[in-house]
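Okay, so here's the structure we're looking at.
What follows draws every value from the coordinates through simple rules; no lab data is involved. In this text the structure is predicted, and so the values were computed from the model without any measurement. A quick note on method: Cβ atoms are made from the backbone with ideal geometry, for glycine too, and the neighbour counts reach across all protein chains shown.
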Amino acid sequence: MLHTKNLDLSVEKIAVYTLLVFLMGLGTPEWSRGQQSVDTDKVITRIAFGSCAVQDQPQPIWESVNSWKPQLFLFLGDNIYGDTENMDTLRHKYGLLADKPGFQKLRKQSAVLATWDDHDYGENDAGKEYPEKEASEEIFMDFWDVSEESPVRERPGVYSAQVYGPPGKRVQIILLDTRYFRDSLETRALNPVQRKLGYGPYAATTDSSRTMLGAQQWQWLEKQLEKPADLRLIGSSIQVVSAEHGWEVWGNMPHEKQRLFDLIDETGASGVVFLSGDVHWGELSRYDGNDYPLYDFTSSGINQGYTEVLYLPNQQRVGPIVYPYPNFGTIEIDWSSESPRVKMMLRDINGKPVLKRSLSLNQLKAR
Ligand SMILES: [Fe+2]
């Protein structure tokens, strides 16, 4: 029932209220809409990606990203630090990202595709239990300009995929959702030395009923991997290959990680490279137990760093270095030779490469 008896509807009160709403609106930034898109038949040669962008701190790195002129920019999560169950607050924080001139320029000149991680989903390290996930998803869809007709809007979660380019030059972008369906994580007690060295609180679970992606997303992923593509970039908000530091990684659910690797072999999907974020450092890891080497190229963050990583182990690191300051990743594809080449570079705040690796697509095929 609507209670109206205590409402004072005098003209003065309404005028004051209207003025207040107007003034509050002045503090709420407009979302930048109408971002650039790329035709799906276009040959893709330049892709950049990044993650972890604190919206109320400067983000000078966009200048370097924009100078590099990516056709596609993949935002791999923690795109804002929402951390709230209040959807007005979440919307406001997205607005602060939209207000950044560098980010506005990026959206004008590059197609930006996104998935989320815990902080833009809504809560630190959250999984399926986060109570506002449906409302948060709606805000995500609006902010990232996901088309009203897109199947991504129809289903729970924000996972998506797109293939660009003609046969022989096809790039498939797969962006996973590691939050909406994710079961709880196992925690562990850290000793004082581990705590001092910057280890995380999570451990590998032995409970194989826990899921990272959920049944529907697994089925969907299998179908995507069966589609023809020459290079497949699988964006996962959290690291896929590195597993020893105790922060959020696929290795916290070893059975799900193995399922992912097995699915790549079983579908015969060639050309897979994982892209990941979340951790506040950049590095390159490689898993050699599959039909071909699986690289995990981590870039994090846009304006975040974690110098403690210098003490953390990662036996799969092929770097050779780990970079603990703000960074972004670039992927250049040279389609001109018979065996196309993929050049991966981690770049610092000035766009200077700090890590380089060049691969032939022939190296990303079962022998
Ligand atoms: Fe995260």
- Per-residue [θ]222 nm for the chain (sum of -39500 (n - 2.57) over DSSP H runs n ≥ 4, rounded to 500): -7500 deg cm²/dmol
- Query: Ranked by Cβ crowding within 10 angstrom, fewest neighbours first, how are T330, T187, T307 ordered?
  - Reply: T307, T187, T330
- For T115, T205, what's the fewest-to-most ordering of other Cβ within 10 Å of each Cβ? T205, T115
- Over all distinct Cα pairs, what is the inverse of the mean 1/r for the chain, reported as the Kirkwood hydrodynamic radius in Å? 21.4
- Restricted to the chain, the DSSP antiparallel beta bridge percent, nearest 5, is 55
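Using alpha-carbon pairs under 8 Å, 6+ residues apart, how would you state the relative contact order of segment 162-302 in percent? Let's see the in-between values first.
Working: 266 pairs, mean separation 33.4, N = 141.
Rounded, it is 24 percent for segment 162-302.
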- Top mean-square fluctuation among S184, S299, S147, Gaussian network model of the chain, C-alpha springs under 10 Å? S147
- Relative contact order, percent, of the chain when contacts are C-alpha pairs under 8 Å separated by at least 6 residues? 16
- Centroid-to-centroid separation of segment 172-196 and segment 210-245 [C-alpha atoms, Å]: 15
- Note on the structure: Excluding residues fewer than 8 positions from K343 in its own chain, the lysines with Cα under 22 Å of it are K42, K69, K169, K352, K356, K365
- Extension length gain for S208 and I321 (0.36 nm per residue less Cα distance), in nm, is 37.3 nm
- Task: Take the chain, connect every pair of alpha-carbon atoms lying under 10 Å apart with a spring to form a Gaussian network, then pick out the residue of R317, R107, R188 with the largest mean-square fluctuation.
- Result: R188
- If one computes the Cα centroid of segment 257-285 and of segment 293-309, what distance in Å separates the two points? 14
- Debye sum, Cα scatterers, segment 278-331, no solvent: what log₁₀ I/I(0) at q = 0.16, 0.27, 0.28 1/Å? -0.46, -1.06, -1.11
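For R195 and Q216 in one chain, what is 0.36 nm times their gap in residues minus the Cα-Cα distance, to one decimal in nm? Numbers along the way, then the final one.
Numbers: separation 21, 0.36 × 21 = 7.56 nm, distance 3.71 nm.
Once the chain is fully extended between R195 and Q216, it gains 3.8 nm.
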- What is the extension gain from K108 to K223, computed as 0.36 nm multiplied by their sequence separation minus the C-alpha to C-alpha distance, in nm to one decimal? 38.2 nm
- Please build a GNM for the chain, connecting alpha carbons under 10 Å apart, and tell me which residue among A135, A126, A243 fluctuates the most. A135
